[in-house]
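What follows is a single structure, written as structure tokens, with notes after it.
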Amino acid sequence: MDELELLENRLQRERLARKQAEALLEEKSETLYLLNQDLVKLAADLAEREEASRSILEATGDGIITLDESGRIDSFNRAAKGIFGYSQEQVVGQNIDKLFPMGITGEAFKNIPHMQDMERSGELHEATGRRADGSEFFMEISLSQGQLLQRRMIIVSVRDITQRKKAEEERKYMEIQLRQAQKLESIGQLAAGIAHEINTPIQFVGDNTRFLLDAFADIERLLSIYDQVLEAVRANEITEGLVTSVNSIANEIDLDYLRSEIPQAISQTLDGTDRVARIVRAMKEFSHPGDEAKSLIDINKAIQSTITVSRNEWKYDAELETDLDLTLPTVPCLASEFNQVILNIIVNAVHAIRDGKSDDSTAKGAILITTKQEGDWAKISIRDSGSGIPEAIRSKIFDPFFTTKGVGKGTGQGLAIAYSAIVDKHAGTIDVQSEVGVGTTFTIKLPMQG
Amino acid sequence: MKTRILFVDDEPGILDGLRRLLRSYRNEWEMSFASSGQEALAIVAEQSIDAVVTDMRMPGMDGSQLLNELARCHPEIVRFVLSGYSDDEMIIKSVGTAHQYLSKPCDSDLLKAALSRALSLRKLLHEERLLALVSGVSSLPSLPEVYLEILETLRSDGASLRKVGETISRDPAITAKVLQLVNSAFFGLGRKISNPADAASLLGLDVLKTLALSAGVFSQFDQNKISTSDFSLAQVFDHCIAVGLLGKRIAASEEAESNLVSECLLAGTLHDLGKLIIVNEYPEEYARMRLMAKGEGMSEYLAEKEILGATHAEVAAYLLGLWGFTDSVVEAVAYHHQPGLSSYAEFTPLTAVHVANALEGAAQANERTAPCAGLDMSYLEASGLADRLESWGRLRESARDSRK
């Protein structure tokens, strides 16, 4: 029994052990199965993810090129093919320099940070690219780097910005055109006024000169009789008759009138030619064609010239006074831009005065232009007694195309141009204070040191 | 009595210059000077003034306001503009009320001549009320159809100036106004334009459009205004145009210079404008005049003289003279019924208009009157042109045949 019992126990134990082993095996193989399942799934995931990355890479509008450390092209996405016109086979393994006329290490890339400089990686830079057909184009480029199997990988992302550049240039061109148009508009308007300003003195200079011609013919008659008198005196044969005819000719030609009138005619004629000369000079000073760099300008003189050329614009509606600080030093300035600003503000002031005037009123408005030095600034203010600018639109007056004038009465560019000329080009300031029904004051400040 | 002229300008230099310049006229002219529109009106209210010469742009009351006021209160005054402005807007503003425009700088001889001429025209009309009436006329009545056609042409896309010119030439009233404007010194032409086609192309579509739409520049005839059914504006215009065309043919057959030929056409086209003024302003007298002419078997122009104190020819001539038309056109219109009053013996537009008018009139009246009853044979004989009459008559026949 003992032996049997022993055997029995052993059998029992072995059976148990085997059961346990079987259970373990089952457990292990299940684990293995699950692990395998995970692995399959992972592989599928990975494949899917790679596929996704690839399609993102292919689908993106930006050209993406990867390089090895030596600058050889590893990959070249579809957008890059489209941008450069090369196929993958044509460029893979080639140096990246092939795609840039100046080389990636060349001039165009000077500003691009060193590739080690991870801090700045991804920054956008503008560069010139070269297509397969040799044509060059503007692009935006950014560089970054990554790690691939212990190797450093450089990722170049490029975008063709030819269209954007073109649009930008067109916009710039449009802006210049528009500015030119506004200038031409004001010059056209000025020209009609200047013609009138010149025609007026020309008319009376002509009339006076014609009068002097006639008057001299009259005086000539008197002179010839004086000659006779002189001869008679020399010959001591002066007669009563001769004296009478001197008197009668003097009466006929109205000598007293001529004597008082001729000097006036001459002085008005001189005044007329002075006026023409002054206008012509002011026109020259006003227009200052093509000065692209700032020069030191006598602001007071520039203002005077602008007042002279625009006289016809304001003289019917306003008295224009100036209070100029004659000690004001010269200011670095683009003269024609500055003059244009003053002109635009004067013209606006006149329009405001007209707007503010009741129809039957014949009273003129007032414009006051003052200059003075304030610290390092030259301050110019232009005050009018016009209708004023309503609070609601005060913030818009410097916006391009904003105008309260009717169609055909202005491009809405006047004050926008003034703003850009003063603020952008001279680093100055332009401000407006206005009270409806009372008037408006524009204050311009220009830095004395350019 | 001296002629009184008032000069208005806000620039004292101009007034001083004019005063001195025109001093040699001091025995014929009495000149006053005003430095503003208000001052001018004050002077006109106090003294009687024959002519005003004003600047356009002045502070306060400007030239066109002054002219409007003068045309309203003192229509008999001759109204001239002397301005340094040459923009279209200014011209159009005053086109209704200014008789003539002179631009600064203006040649002194031109100024003197234009003034003397306008003032000497007054002898054409003796009656004060007629002077006032005619110089107050700013526009002449047109045929509504023609006016509308001009408007339509101007509004259409791709309007052609030639088409507009052709349409204008079918209306003597619009022709006169457009030529007045184009010949004004503002347009700076050294020569006188005498046909509407040239005028249209010189003015351009924009100015024509503005003109056509400006109140008071063209006006339309209102047939209701006149009670007599005897008057038809269309008939008067047809006659005017026929006389113009025949006058042109006659001049061409005399191998006249092209300038003279076109003046003959123009003078013929405008010769009866006086009838429009009379019918428009004095419809009752016009009806009375027609009755008198019929009843007593006298010619209409004599009846006009009887009733109004002036003939339609004199009335039109005065207006055209004020508007700056050339002397030969004014004379042709003034004397088209009485060419013997002219001092010229050679072939002039007067000859052409007189003959063409008589031939057209006789043809219209058919056999009722003796052919060529209106012809002044002694004038033609004195001019040595009487023997040409037969061939001119044939021109009319052939013109009528070709119209058929």
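The values are calculated or read from the model by the stated rules, or taken from the named source; none is laboratory data. Note that this is a predicted model, so its numbers are computed, not measured. Neighbour counts are summed over all protein chains in view; Cβ atoms, including those assigned to glycine, are modelled from backbone coordinates with ideal geometry.
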Identify, please: which residue in the stretch A:210-231 is at the interface with chain B (Cβ under 9 Å from one of its Cβ atoms) and not charged (D, E, K, R) and is, among those, farthest from A:VAL309 (Cα to Cα)? A:ALA215
Give A:LEU149, A:LEU184 a once-over and let me know the one that is at pLDDT below 85, closer than 30 Å to A:ILE64 by Cβ, hydrophobic (A, V, I, L, M, F, W, C) and not assigned by TED's automatic domain parsing to the domain that holds A:ALA418. A:LEU149
Can A:SER305 be described as without any contact (Cβ under 8 Å) to a residue 60 or more places away in the chain and over 18 Å from A:GLY414 (Cβ atoms)? yes
Out of (1) charged (D, E, K, R); (2) outside any loop (DSSP other than H, G, I, E, B); (3) loosely packed, with under 15 Cβ neighbours inside 10 Å; (4) at pLDDT below 85, what's the single condition that is false for A:GLU123? (2)
What residue, of B:VAL44, B:VAL52, is closer than 17 Å to B:THR3 by Cα, aliphatic (A, V, I, L, M) and within 22 Å of the chain's Cα centre (by Cα)? B:VAL52
Given the condition assigned to a loop (DSSP other than H, G, I, E, B) and over 22 Å from the mean Cα position of the chain (by Cα), answer yes or no: does some residue in the stretch B:232-251 qualify? no
Failed condition for B:ASP88, given (1) over 25 Å from B:ALA173 (Cα atoms); (2) within 13 Å of chain A (Cβ to nearest Cβ); (3) at pLDDT below 90, with all others met? (1)
Taking A:MET174 as meeting all but one of (1) away from every other protein chain (no Cβ under 14 Å); (2) hydrophobic (A, V, I, L, M, F, W, C); (3) touching a residue at least 40 places away in the same chain (Cβ under 8 Å), write down the number of the exception. (3)
Against the definition (closer than 24 Å to A:SER336 by Cα, modelled with pLDDT under 90, surrounded by 15 or more Cβ atoms within 10 Å (Cβ to Cβ) and basic (Lys, Arg)), how does A:ARG275 come out, yes or no? no
Pull up the stretch A:177-194, narrow it to residues that are among the aliphatic types (A, V, I, L, M) and buried (at least 19 other Cβ atoms within 10 Å of the Cβ), then point me to the one that is nearest to the other protein chains (Cβ to nearest Cβ). A:ILE194
Residues in the stretch B:143-159: is at least one among the aliphatic types (A, V, I, L, M), closer than 16 Å to B:GLY324 by Cα and touching a helix residue (DSSP H, G or I) at 6+ places or on another chain (Cβ under 9 Å)? no
Pairs only if they're at least six apart or on different chains, beta carbon under 7 angstrom, first in the stretch B:334-347 and assigned by TED's automatic domain parsing to the domain that holds B:LEU270 and modelled with pLDDT under 85, second exposed (fewer than 13 other Cβ atoms within 10 Å of the Cβ) and part of a loop (DSSP other than H, G, I, E, B); list them, first residue then second. none
Taking the criterion of being within 14 Å of another protein chain (Cβ to nearest Cβ), in a helix (DSSP H, G or I) and surrounded by fewer than 16 Cβ atoms within 10 Å (Cβ to Cβ), would at least one residue in the stretch A:232-239 satisfy it? no
Can you spot a residue in the stretch B:280-288 that is in contact (Cβ under 8 Å) with a residue 60 or more places away in the chain, touching a strand residue (DSSP E or B) at 6+ places or on another chain (Cβ under 9 Å) and part of a helix (DSSP H, G or I)? yes
Consider A:GLN264 against the criteria (1) within 14 Å of chain B (Cβ to nearest Cβ); (2) in a loop (DSSP other than H, G, I, E, B): it satisfies all of them except one. Which criterion is unmet? (2)
Would you check if B:LEU130 is crowded, with 21+ Cβ neighbours inside 10 Å, within 29 Å of B:ASP55 (Cβ to Cβ) and touching a Leu at 6+ places or on another chain (Cβ under 9 Å)? no
What are the pairs with Cβ atoms under 9 angstrom where one residue, in the stretch A:223-238, is in the same structural domain as A:ASN251 (by TED's automatic domain parsing) and the other, located anywhere, is in a helix (DSSP H, G or I) and charged (D, E, K, R)? Sequence gap at least six, or different chains. A:GLU237/A:GLU231
Which one of the conditions (1) touching a residue at least 24 places away in the same chain (Cβ under 8 Å); (2) in contact with a Pro (Cβ under 8 Å, 6 or more places away or on another chain) does A:ASN344 fail to meet, given that it meets all the rest? (2)
Test: A:LEU296 is within 26 Å of A:SER361 (Cβ to Cβ), at pLDDT 85 or above, assigned to a strand (DSSP E or B) and in contact with a strand residue (DSSP E or B) (Cβ under 7 Å, 6 or more places away or on another chain): no
In the list B:SER94, B:SER64, which residue meets the criterion of being within 14 Å of another protein chain (Cβ to nearest Cβ), among the hydroxyl-bearing types (Ser, Thr, Tyr) and under 22 Å from the mean Cα position of the chain (by Cα)? B:SER64
Considering only residues that are more than 19 Å from A:ARG159 (Cα to Cα) and modelled with pLDDT of 85 or more, look in the stretch A:51-85 and name the one that is farthest from the chain's Cα centre (by Cα). A:GLU51
Out of A:ILE367, A:ILE297, sole residue that is closer than 28 Å to A:PRO201 by Cα, in contact with a helix residue (DSSP H, G or I) (Cβ under 9 Å, 6 or more places away or on another chain) and away from every other protein chain (no Cβ under 14 Å): A:ILE367
Give me the pairs: first residue in the stretch A:378-405 and more than 23 Å from A:LEU446 (Cβ to Cβ), second residue buried (at least 18 other Cβ atoms within 10 Å of the Cβ) and of a type in the set (Ser, Thr, Tyr), beta-carbon distance under 8 Å, and six or more apart or on different chains, which are they? A:GLY386/A:THR440; A:GLY388/A:SER434; A:GLY388/A:THR440; A:PHE401/A:THR411; A:THR403/A:THR411
What's the total number of residues in the stretch A:132-148 that are more than 36 Å from the chain's Cα centre (by Cα) and of a type outside the set (Gly, Ala, Ser)? 4
Give the stretch A:319-364 a look and list any residue that's surrounded by 23 or more Cβ atoms within 10 Å (Cβ to Cβ) and not in a helix (DSSP H, G or I), or say none. A:VAL331, A:CYS333
